Amino acid sequence: MSIQTIVTQPFAGQRPGTSGLRKKVAEFSRPGYIENFVQALFDTIGDATGQTLVVGGDGRYLNRHAVQVILRMAAAHGFARVLVGQGGILSTPAVSCVIRKYGALGGIVLSASHNPGGPDGDFGIKYNIANGGPAPEKFTEAIYANTQAIAAYRIADAGEIDLDTLGAQRIESTAIEVIDPVADYAELMGRLFDFDAIRAMFQSGFRMRFDAMSAVSGPYAKAILEGALGAPEGTVVNAVPLEDFGGHHPDPNPVNAAELITLMDSDDAPDFGAASDGDADRNLIVGRNIAVTPSDSLAIIAANAHLVPGYRNGLKGIARSMPTSCAADRVAKALGIPLYETPTGWKYFGNLLDAGVATLCGEESYGTGSDHIREKDGVWAVLFWLNILAATGKTVGQVVAGHWAEYGRNFYSRHDYEAVDAKAAVELMDHLRSKLPGLRESPVPISGHVVELADDFEYTDPVDGGVSRSQGIRIVMRDGARIVFRLSGTGTEGATIRVYHELYEPDPSRHNQPTQEALAGLIILAYDLAEFQARTGRDKPTVIT
Ligand code: VG1
Ligand code: CO
């Protein structure tokens, strides 16, 4: 065996977005495409002598192939040890957990997360650093710069590693250890939550359905819910990760998880429903006749954290992405702890968690997590809710209604315009930007609201002072209503424009209005302000969550 140096040429566009590099499988299949990106990543990491790397993915099409390539390249780069999930499988939160537990230098996650998979779908590569969290922007920009200057990559001339048998193998002088993808993660969950109370709840007849959407949360949910917690077999459905997710779109919102929503609205609904995405870092929480908005879920988790063993000593702070609703802000205020508002993407939470100033983090896009790892965590969020239900004896509906009664309700909805012409999308954002000064200076109420703030969100990291500009256009009203516009950084087709609407309603007698109805005025206002019809030819969003 030997290490080979293969001459290559840069590919355009290998720039990581909100969460890693995401492209169509066809693009990733071009000869040298994966190799170039991985070499650029290893060049950014630098010396790997004596270091450990973690590798695994969500099982989608190309997962196994990419793992084999990365193992041979990691050996060529001189890693002492690589921990790889059995079958090439590791969820994003499990990678984060394993990196931290074994003191690895970092980990590579093979996933395009909530994007569809299969030969015609998307693939992705993300890198997480030694704290277990997504590489920060400075790091991913350095990878990108390397991809544009690359001339060769290095790879061991070795055969395939057996990914299905647990234990140690070797490429050159690098130890390749195939590990159980679930064990370390499950052990961590057992330390955070009151498993006895949740087990007792299942024993007394509590019923739930967890829809793994044929993605990677399946093995984790099965081992923890049906295994450790004794939920009846069949509680977890679509539990086997498939290369094309069985045609499911593993983005756990009420639109894609329609089957789960229908069940939860039916006469035979179980007590609790949940779903997770491709790489198991997102969560959808559903009760009988109610899907919990992710922004509300963050607030409710924060307000009830004292009921959960791992959080009994209190929260240091809460962080949420800017477009996420301000429901958690009210809880932070009541608890007397700080609230941090960051740009979209989990990488911005890492510094706050490392510095010990925030304990819980959340995004409106079905992502919730804490300082137990450095990623959002789907199964963790589901266990948190189970723990709350077990500790209070309440239903999901009662927990949510009680929360609104105490704090008021932040009506919230996101409208996505997918696969819009890229140029038109940029122009739409420029147009909005040009309107900001006028909006700021206008004392006249628009649609019944008076503008308090209109800007292009800029974030200064309180820990390292790094500045991130142009993170979303926001229009904040004096009464707490908000409209936010931003372009997606994870899409792979044209541009996706996201519009986020929020309205605060303190009056409990109005808490049961349908969301789209409550937000109707703001929705029309946002649509008109952005000139959607004229600029994109769209008269309605493609997805409403
Ligand atoms: C989206 C979400 C963002 C999330 C990101 C990655 O990004 O809005 O909140 O962190 O996906 O999630 P964007 O740039 O498309 O809006 V995942 O589970 O796909 O890694
Ligand atoms: Co994900």
Scope the range 416-451; condition touching a helix residue (DSSP H, G or I) at 6+ places or on another chain (Cβ under 9 Å) and assigned to a strand (DSSP E or B); matching residues: TYR417, VAL420, ILE446, HIS449, VAL451
Filter result (within 30 Å of LEU21 (Cβ to Cβ), open to solvent by 10 Å² or more (accessible area, probe 1.4 Å) and β-branched (Val, Ile, Thr)) within the range 473-520: THR490, THR492, THR496
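Could you count how many residues in the range 312-340 are free of Cβ contacts under 8 Å to residues at least 60 places away in the same chain and in contact with a strand residue (DSSP E or B) (Cβ under 8 Å, 6 or more places away or on another chain)?
Qualifying residue count, the range 312-340: 14.
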Single residue of the range 248-283 satisfying the filter (within 12 Å of ligand 1 (Cβ to nearest atom) and not in a loop (DSSP other than H, G, I, E, B)) that is nearest to ILE373 (Cα to Cα): ARG282
Hits in the range 173-199 (condition: over 24 Å from SER370 (Cα atoms) and surrounded by fewer than 17 Cβ atoms within 10 Å (Cβ to Cβ)): SER173, ALA175, GLU177
Of the criteria (1) β-branched (Val, Ile, Thr); (2) closer than 28 Å to LEU188 by Cβ; (3) surrounded by fewer than 23 Cβ atoms within 10 Å (Cβ to Cβ), which one VAL82 fails: (3)
Output for the range 442-451, where each listed residue is open to solvent by 70 Å² or more (accessible area, probe 1.4 Å) and hydrophobic (A, V, I, L, M, F, W, C): VAL444
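Rundown of residues vs (1) among the aliphatic types (A, V, I, L, M); (2) within 26 Å of the chain's Cα centre (by Cα); (3) at pLDDT below 95; (4) open to solvent by less than 30 Å² (accessible area, probe 1.4 Å), yes/no style:
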| site | (1), (2), (3), (4) |
| --- | --- |
| LEU389 | yes, yes, no, yes |
| GLY393 | no, no, no, no |
| VAL399 | yes, yes, no, yes |
| TYR412 | no, yes, no, yes |
| GLU427 | no, no, no, no |
| LEU432 | yes, no, no, yes |
| PRO437 | no, no, yes, no |
| ARG440 | no, no, yes, no |
Given (1) touching a residue at least 24 places away in the same chain (Cβ under 8 Å); (2) not in a helix (DSSP H, G or I), number of the condition ARG30 does not satisfy: (1)
Number of positions in the range 214-247 that are part of a loop (DSSP other than H, G, I, E, B) and open to solvent by less than 50 Å² (accessible area, probe 1.4 Å): 10
Answer from ILE89, ILE108, ILE99 - the residue that is among the hydrophobic types (A, V, I, L, M, F, W, C), within 16 Å of ligand 2 (Cβ to nearest atom), under 23 Å from ASP354 (Cβ atoms) and more than 14 Å from the chain's Cα centre (by Cα): ILE108
Top-ranked residue in the range 115-134 [being part of a loop (DSSP other than H, G, I, E, B) and open to solvent by less than 20 Å² (accessible area, probe 1.4 Å); ranked as nearest to ligand 1 (Cβ to nearest atom)]: ASN115
Test: TRP385 is touching a strand residue (DSSP E or B) at 6+ places or on another chain (Cβ under 7 Å), part of a helix (DSSP H, G or I) and within 15 Å of ligand 1 (Cβ to nearest atom): no
Subset of the range 319-353 [within 16 Å of ligand 1 (Cβ to nearest atom) and part of a strand (DSSP E or B)]: ALA319, ARG320, SER321, TYR340, GLU341, THR342
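For (1) within 16 Å of ligand 1 (Cβ to nearest atom); (2) in contact with a Lys or Arg (Cβ under 9 Å, 6 or more places away or on another chain); (3) not in a helix (DSSP H, G or I), each residue gets a yes or a no:
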position: ILE6; (1), (2), (3): no, yes, yes
position: ARG72; (1), (2), (3): no, no, no
position: GLN86; (1), (2), (3): no, no, yes
position: ALA104; (1), (2), (3): no, yes, yes
Residues of the range 46-74 classified as open to solvent by 10 Å² or more (accessible area, probe 1.4 Å), in contact (Cβ under 8 Å) with a residue 40 or more places away in the chain and out of contact with any helix residue (DSSP H, G or I) (no Cβ under 8 Å at 6 or more places or on another chain), total: 6
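The values are calculated or read from the model by the stated rules, or taken from the named source; none is laboratory data. Keep in mind that what you see is a predicted model, and the values were worked out from it rather than measured. Note that each Cβ is placed from the backbone with ideal geometry, even for glycine, and that neighbours are counted across all protein chains shown. Heads up: the accessible areas ignore ligands, DNA and RNA and are worked out on the full protein's heavy atoms, side chains in. Shrake-Rupley method; radii C 1.70, N 1.55, O 1.52, S 1.80 Å.
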